[in-house]
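A.B. asks: First the structure, then my questions, so here it is.
All of the numbers you see were taken from the coordinates with simple rules; none came from a lab. Predicted, not measured: the structure shown is a model, and the values here were computed from it. Cβ placement follows ideal geometry from the backbone for every residue including glycine, while neighbour counts extend to all protein chains displayed.
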Amino acid sequence: MVKTNVKIGGLELKNPVLTASGTFGYGLEFADFVDLNKLGGFIVKGTTLNHREGNAYPRSAETPMGMLNAVGLQNKGVDYFAQNIYPQLKDLDTNVIVNVSGACIEDYVACAEKVAALDKIPAIELNISCPNVKQGGMAFGVMPASAAEVVSAVRKAYPKTLIVKLSPNVTDIAEIARAVEGAGADSVSLINTLLGMAIDSEKRRPILSTITGGMSGPAVKPIALRMVWQVAKAVKIPVVGIGGITNGADAVEFLLAGASAIEVGTANFMNPAVTGEIVDYIENYLVRHNMSSVDELIGALQV
Amino acid sequence: MKKVLVDLTVKEVLHVNANCVLLVMHSEEPLPMTLPGQFAELRVDNTPSVVLRRPISVHSFDAEKNEIGFLVQVVGDGTRWLASLKEGDKVNTLMPLGNGFTMPEKSGKRYLLVGGGVGSAPLYYLAQELKEIGCDFALLIGARSAKDLYRRDAYEALGRVEYTTEDGSLGERGYVTNHSMLAEKFDRIYTCGPKPMMLAVAKYARENGIECEVSLENKMACGLGACLCCVEDTKEGHRCVCTDGPVFSIDELKW
Ligand SMILES: Cc1cc2nc3c(=O)[nH]c(=O)nc-3n(C[C@H](O)[C@H](O)[C@H](O)COP(=O)(O)OP(=O)(O)OC[C@H]3O[C@@H](n4cnc5c(N)ncnc54)[C@H](O)[C@@H]3O)c2cc1C
Ligand SMILES: Cc1cc2nc3c(=O)[nH]c(=O)nc-3n(C[C@H](O)[C@H](O)[C@H](O)COP(=O)(O)O)c2cc1C
Ligand code: FES
């Protein structure tokens, strides 16, 4: 038996395979195709303090080897999650992680506190790509100071594992990673979507109602790998790799680049059974390469 | 209802008009029960410009023979790949998805099925089922021209079919909402087709106090209610067309 478990702060994962927020619903939507208990864990939809309707339709556009989305954090709010969704998830034998989003620091903190009260949620992933409505709408995650500020505030209110999800729409992602590490994050996950745009030339109009949106899917993988590589060298806390992972080999590439775990996003739309297949692939990979533990892969890129 | 991911084998490809093919697909394993108005998401292979699955309505379904039919109109790379399939090819399919049309509980009522273009595809399976349970129904199909219609014999074998064409090449000239058969009494209308047509049908139904169900075709990604890309702005806020729909009563919509 090969050892596939990894640790992210205080969080024990039976294997490094997680799902990316917003692409796996509340997990249950995929239960016909994946044994949820087989995953290291899954990260539920972006959750906010209050109900959000999200952006107007159209909210998605297919692009070469990827897609843009502008869902805009549609969700029914953290209280609804606690009362209606959490009871359906709490007895699963896997880690259910809540992705926490906010429009101001107070909202992030209040939402994180409510999730902290849920016994069977061992960690949150803090989405700092959201615009700070009280500070001109610039995303928290684009400047080291504002990123650190929201992370320290949540750190004080949230005692369990705190993963901070980084935005790639920055000049130097390693600098942001160091700032959030300094502010008390247990781990960083990256990348969130890249800001992009799509145009319908015949109609001479943008395809998304919001004009610009977040790009994801296989097309972003080289950028994501590069950023994971840079961040893994810059911080001591574990890194979770995200971006364009569509199969087991992609997942191994992120581990080699320095990620301790990975998240699968857009690929769930292409193949709803993909996460289970990635778990199997990693196990087989270790056997094929005579490795006894996944630890031997993490950051093992030979350069 | 349990959903499956299944490799369907193409059993037959029929070119039903210049732009549309009928794919009759077979499954080795028993297919889950699939209802009129539900759809499947077909994986498009070997096409670099296509990463997401393509939603296609169930045109026909035979649980005994494990067969399912899809009517595909070519509008881009994904549908072009589907239309180029040959007998024996395999297509990875996610199904059944969505809610389906409300099936009548008791007879004694009259139903009108209004289709436009490829939108009449799901109405074929609906008409088959209505006939099976002995309902009184009629079909009204609109097209630009007679040559844009497809499988007329198959539809006409199920019951009464009336047509409107914009060029007057078949049936009455004009749009479905101007057809003289609307003077008859119908208790419910089921419609699927281009959005302007469905809006006009919905308006007609509302003005005449007729129940009306429409089948929407919003752009989708997951098809499972997980990504929230496909939402329609309904009276209860943004709802997923892939799981709460694709069929909605017009009373639920803001139309
Ligand atoms: C629930 C549902 C059921 C459907 N049933 C059928 C069916 O039975 N038969 C069939 O042929 N098609 C059906 N469609 C539409 C079909 O999914 C699209 O035509 C297809 O995805 C287009 O893919 P493509 O790669 O060929 O074209 P693309 O390159 O993706 O698009 C080509 C053009 O078509 C437009 N388009 C793409 N998707 C849609 C859409 N959903 N609605 C309106 N315009 C669109 C694009 O904006 C673009 O202008 C259905 C769609 C939905 C959501
Ligand atoms: C439809 C959609 C919705 C998303 N919603 C969220 C979200 O609510 N919170 C978040 O942090 N990231 C969200 N993301 C970003 C993903 O979690 C992930 O970071 C990104 O898609 C890159 O990974 P991928 O290429 O594997 O999809 C979303 C992505 C998509 C495609
Ligand atoms: S297509 Fe993903 S929620 Fe409907």
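A.B. asks: What are the GluC sites (Glu not before Pro) within the range B:33-126 that DSSP puts in a loop, where the Cβ has at most 12 other Cβ atoms within 10 Å?
C.D. replies: Listed in order of number, the matching sites are B:Glu64, B:Glu87, B:Glu105.
A.B. asks: What are the trypsin sites (Lys or Arg not before Pro) within the range B:72-178 that DSSP puts in a loop, where the Cβ has at most 15 other Cβ atoms within 10 Å?
C.D. replies: Those satisfying the criteria are B:Lys86, B:Lys106, B:Lys109, B:Arg144.
A.B. asks: Using a Förster radius of 41 Å, what is the FRET efficiency between A:Met197 and A:Asn5 based on their Cβ-Cβ separation? Nearest 0.05, please.
C.D. replies: For R0 = 41 Å, the calculated efficiency reads 0.50.
A.B. asks: Just tell me how shielded A:55-67 is by partners: mean number of partner chain Cβ atoms within 10 Å of each residue's Cβ, no decimals.
C.D. replies: 5
A.B. asks: Follow-up. Please identify which residues in the range B:57-89 have an amide N closer than 14 Å to a label point set 7 Å out from the Cα of B:Thr9, following the Cα→Cβ vector.
C.D. replies: B:66-68, B:86-89
A.B. asks: Counting C-alpha atoms alone, how compact is chain B: give Rg to one decimal and Dmax as a whole number, in angstrom.
C.D. replies: In order Rg, Dmax, the Cα atoms of chain B give 17.5, 52 Å.
A.B. asks: I would also like to ask the following. Hey, got the average number of other protein chain Cβ atoms within 10 angstrom for residues in A:258-266?
C.D. replies: Mean partner-chain Cβ count within 10 Å for A:258-266: 1.
A.B. asks: For a Förster distance of 51 Å, can you work out the FRET efficiency between the beta-carbons of B:Glu211 and A:Val303, rounded to the nearest 0.05?
C.D. replies: In this case the efficiency is close to 0.15.
A.B. asks: Please express the shape of the protein assembly as shown as an equivalent ellipsoid: the semi-axes are the square roots of 5 times the eigenvalues of the C-alpha gyration tensor, given largest first in whole angstrom.
C.D. replies: Gyration-tensor ellipsoid for the protein assembly as shown: 46, 25, 21 Å.
A.B. asks: Taking H placed 1.01 Å from N in the peptide plane, check which residues at least 5 places from A:Ala123 or on another chain put their amide H under 5 Å from its amide H.
C.D. replies: A:Val98
A.B. asks: Also: In what sequence, highest mean first, do B:232-242, A:282-292 appear when ranked by Cβ atoms within 10 angstrom?
C.D. replies: B:232-242, A:282-292
A.B. asks: In nm, give the distance between the simple-model label positions of A:Asn284 and A:Glu113, each being 7 Å from the Cα along the Cα-to-Cβ direction.
C.D. replies: In this crude label model, A:Asn284 to A:Glu113 measures out at 4.9 nm.
A.B. asks: Still on this structure, I have one more. If I model a spin label as a point 7 Å beyond the Cα along the Cα-Cβ vector, how far apart are those points for A:Lys38 and B:Lys254 in nm?
C.D. replies: Rounded to a tenth, the inter-label distance reads 4.2 nm.
A.B. asks: How large is the charge dipole for chain B, taken about the Cα centre, if only the Cβ atoms of Lys, Arg (+1) and Asp, Glu (-1) carry charge, to the nearest 20 debye?
C.D. replies: 360 debye
A.B. asks: Residue by residue through B:227-239, how many Cβ atoms from other chains fall within 10 Å of the Cβ on average?
C.D. replies: Other-chain Cβ atoms within 10 Å of each residue's Cβ, averaged: 6.
A.B. asks: Helix B:121-132 sits at what angle to the longest principal axis of chain B, using alpha carbons and giving 0 to 90 degrees rounded to 10?
C.D. replies: 70 degrees
A.B. asks: Another question, then. So for chain A, Kirkwood radius off the Cα pairs, Stokes-Einstein at 10 °C and 1.306 mPa s: how many µm² s⁻¹?
C.D. replies: This corresponds to a translational diffusion coefficient of 83 µm²/s.
A.B. asks: Helix-only estimate, please: 222 nm mean residue ellipticity of the protein assembly as shown, summing -39500 (n - 2.57) across DSSP H runs of length 4 or more and dividing by its residues, to the nearest 500.
C.D. replies: Computed mean residue ellipticity for the protein assembly as shown: -6500 deg cm²/dmol.
A.B. asks: Restricting to DSSP loop positions (anything but H, G, I, E, B) with no more than 10 other Cβ atoms inside 10 Å of their own Cβ, which trypsin sites (Lys or Arg not before Pro) remain in the range A:1-44?
C.D. replies: none
A.B. asks: A further question on this structure: When you take every Cα atom in the range B:1-98, what is the radius of gyration, and what is Dmax, the widest Cα pair distance, in Å?
C.D. replies: Final numbers for Rg and Dmax: 12.4, 36 Å.
A.B. asks: Another question, if that's okay. Taking 7 Å along the Cα-to-C-beta vector as the label spot, tell me the B:Ala63-A:Tyr80 distance in nanometres, rounded to one decimal.
C.D. replies: Output for this residue pair reads 3.4 nm.
A.B. asks: Only residues of the range A:132-170 count here: report those whose backbone N is under 17 Å from the spot 7 Å along Cα→Cβ of A:Glu106, or say none.
C.D. replies: Within reach of a label on A:Glu106: A:132-137, A:150, A:153-154, A:157.
A.B. asks: Ranking A:Lys134, A:Lys236 by Cβ neighbours within 10 Å, fewest first, what do you get?
C.D. replies: A:Lys236, A:Lys134
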